[in-house]
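The values are calculated or read from the model by the stated rules, or taken from the named source; none is laboratory data. The model shown is predicted, which means the values in this text are computed figures rather than measured ones. When we count neighbours, we look across all protein chains shown, and the Cβ atoms used for this are built from the backbone with ideal geometry, even at glycine. Just the protein is used for accessible areas: all its heavy atoms, side chains included, with ligands, DNA and RNA removed. Shrake-Rupley method; radii C 1.70, N 1.55, O 1.52, S 1.80 Å.
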Amino acid sequence: MRDGGPQWTLTVPTGGDALRQERLTRDLHDSLGRVDGLVVGFHDAEGPAGPGRKGTGMGEVALWAATGAAVVRPASQVLITLIKEWCAKERHRRVVVTIAGDSVEITGRPDAAQERMVREFQDRISGDDGTAPDDTAA
């Protein structure tokens, strides 16, 4: 974990195509790395990679992202918006965003149901900010 704000794990699923996953993950890393206040790095779920190794071994390549912001909701809105924009460049792109054991998948061509799931995800991770999510929304 990094010091500062909350930390997200970002995974780009590609159906088992390791080369495509690495290429897309590196592209997402580069896109997010250009944003001030957002720190992005490669997450290694299987331990540190040895010298000369490019990926995380046999497992999936994933990123972590963190901000210096203490408030989850504004940072999450910025991160989710950036990921949506990245996914929109190609309709088959997908990113699974995970924080505090909760996750949501963002695609390059979201429908109304997915947009609702993303909003509900943001409401859940916003914590106790004095407002409760509207569970009656369809």
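Here's the yes/no breakdown for (1) open to solvent by 20 Å² or more (accessible area, probe 1.4 Å); (2) modelled with pLDDT of 80 or more; (3) among the hydroxyl-bearing types (Ser, Thr, Tyr):
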{"position": "VAL97", "(1), (2), (3)": "no, yes, no"}
{"position": "GLY101", "(1), (2), (3)": "yes, yes, no"}
{"position": "GLU105", "(1), (2), (3)": "yes, yes, no"}
{"position": "ARG109", "(1), (2), (3)": "yes, yes, no"}
{"position": "ALA112", "(1), (2), (3)": "yes, yes, no"}
{"position": "VAL118", "(1), (2), (3)": "no, yes, no"}
{"position": "PRO133", "(1), (2), (3)": "yes, no, no"}
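Could you check how many residues of segment 86-95 are modelled with pLDDT under 90 and either assigned to a helix (DSSP H, G or I) or touching a strand residue (DSSP E or B) at 6+ places or on another chain (Cβ under 7 Å) (or both)?
Step one: of segment 86-95, the residues modelled with pLDDT under 90 are 91.
From what's left, either assigned to a helix (DSSP H, G or I) or touching a strand residue (DSSP E or B) at 6+ places or on another chain (Cβ under 7 Å) (or both): none.
Matching residues across segment 86-95 total 0.
One residue stands out among those in segment 1-20 that are of a type in the set (Ser, Thr, Tyr) and farther than 15 Å from ALA75 by Cα: the one that is modelled with the highest pLDDT, which is THR11. Is it the case that segment 72-85 has a residue that's within 18 Å of PHE42 (Cα to Cα), in contact with a Gly (Cβ under 9 Å, 6 or more places away or on another chain), modelled with pLDDT of 80 or more and open to solvent by less than 80 Å² (accessible area, probe 1.4 Å)? So far as segment 72-85 goes, no, none of its residues is within 18 Å of PHE42 (Cα to Cα), in contact with a Gly (Cβ under 9 Å, 6 or more places away or on another chain), modelled with pLDDT of 80 or more and open to solvent by less than 80 Å² (accessible area, probe 1.4 Å).
Scanning segment 17-39 for residues that are of a type outside the set (A, V, I, L, M), open to solvent by less than 80 Å² (accessible area, probe 1.4 Å) and part of a loop (DSSP other than H, G, I, E, B) returns ASP17, GLY37.
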